[in-house]
Amino acid sequence: MIDFAPHDTVVYMKKDRSKNATIRVAELFAGVGGFRLGLEKTRGFSVVWSNQWEPATKKQHASEVYISRFGESNHSNVDIAKVKINEIPNHDLLVGGFPCQDYSVARTLSQAAGIHGKKGVLWWEIHRILKEKKSSAPDYLMLENVDRLLKSPVSQRGRDFAMILASLNDLGYAVEWRVINAADYGMPQRRRRTFILGYRKNTSIYKRLLKLKNKADWLENDGLTAKAFPAKDCAEQNQFDIQGTLPEVTESFNKKTPGISPFKKAGIAISRNVVTCEVKPNYKGKQITLGDILLKEGNVPKEFFIDKKDYSKWKYLKGAKREERRGRDGFTFFYGEGPMVFPDSLEKPSRTIITAEGGNTPSRFKHVVETPSGKLRRLTPLELERLCMFPDNHTIGQPDVKRAFFMGNALVVGVIEKLGKSLLKEIGDA
């Protein structure tokens, strides 16, 4: 078993959490603090400002957790679009897991004011902060999103990511990215996410990238992501320029082959020139499994055990099926899906946690494990926290359904810790 903190004894140090911190961090879309936890574990970063706002809800559950763990000082719980730039202190590193929405842009009526996001969506709030900070903009970026970001939207694959790269390049940042599955590097959850690192023109990293003759070496061996998460076989290389104004990118990017994204799992974009390739993980260390993180059966609250009368419902939902169904328009079609492992294997990392993990309603995607006594049960909020490598009981005090939702939205803390260490070393060696 992994040596986790006891179930009911978690101590949070709100003061001097990063005594030796030197890199100032602003954390956007902070959730319950996954980026902060990972970076502060390195003892080289200090969060000087954070923002968490959940629209369309009166009670701000995630922000409550954040404040309870890290304190209220320099924490903002308002819509980021309403935050004025002078309210955000200067910082060296901007981090955030920004929501996956429409990244396209439209021209303003007068053309004079430039461009704006089509729905005022949250990517463009990151863009606004970087642009309005001007010479005080952060030197480094560390951002996270779902892996399908590289392939969206379906009608014009890759356009959204092209918008992000082009807009950051235009603001003077070189960008490297990598799709990382946490379980490929020994962590307890199969969670695949796109991680984006940005380096401003004045940094030594940017200048190194300009001088590279073979950018594949950076993606396999020399880059910050490669040093944190070793890779091999930079294959299927693709190189191209992202051309046109941002509105033109919205309209025309990848129109010739709209069904195939030009972006691979790893890449670099600098001055609108993109080099991208597929890479394979190169890890031979210890693997944490789902079984490693489970509580002992006697410590699991009874409400997480599944009533035997509901076993058939769970089994049906988890099983293979091909059924005739009728749409609202009366059209008949066959719906099919393959089987899922039931109960979940304890010998492998867990499947990806989803936001609907909580609650006792039978579901195809919720985790179900078998106990040593042969009973079936759902995962507790504490176990979900462990799968995301959060401290035990980080979200305690909130309803169980909300605690599960937080972890479905969260990133794996260990990934951020490794990226943070890699960035620290690169800056220190510069």
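The values are calculated or read from the model by the stated rules, or taken from the named source; none is laboratory data. Fair warning: this is a prediction, and the values are worked out from it, not measured in the lab. Methodologically, a virtual Cβ is constructed for each residue, glycine included, from the backbone with ideal geometry; neighbour enumeration extends over all protein chains shown.
General observations
- Leu130 surrounded by fewer than 22 Cβ atoms within 10 Å (Cβ to Cβ) and not in a helix (DSSP H, G or I): no
- Failed item in (1) under 23 Å from Asp139 (Cβ atoms); (2) touching a residue at least 40 places away in the same chain (Cβ under 8 Å), with Arg208 passing the rest: (2)
- Checking Ser110 against (1) at pLDDT below 95; (2) surrounded by 17 or more Cβ atoms within 10 Å (Cβ to Cβ), the condition it does not meet: (2)
- Check on Lys232, crowded, with 16+ Cβ neighbours inside 10 Å and within 25 Å of Gly420 (Cβ to Cβ): no
- From the options His91, His61, His75, residue that is touching a strand residue (DSSP E or B) at 6+ places or on another chain (Cβ under 6 Å) and closer than 27 Å to Arg148 by Cβ: His61
- Enumeration of residues in segment 166-184 that are in a helix (DSSP H, G or I) and either crowded, with 21+ Cβ neighbours inside 10 Å or under 16 Å from the mean Cα position of the chain (by Cα) (or both): Ala166, Ser167, Leu168, Ala182, Ala183, Asp184
- When segment 355-389 is filtered for residues that are among the hydrophobic types (A, V, I, L, M, F, W, C) and either within 19 Å of Lys315 (Cα to Cα) or without any contact (Cβ under 8 Å) to a residue 12 or more places away in the chain (or both), the ones remaining, listed by number, are Ala356, Phe365, Val368, Val369, Leu376, Leu379.
- Per-region count, segment 245-281, residues loosely packed, with under 15 Cβ neighbours inside 10 Å and assigned to a loop (DSSP other than H, G, I, E, B): 7
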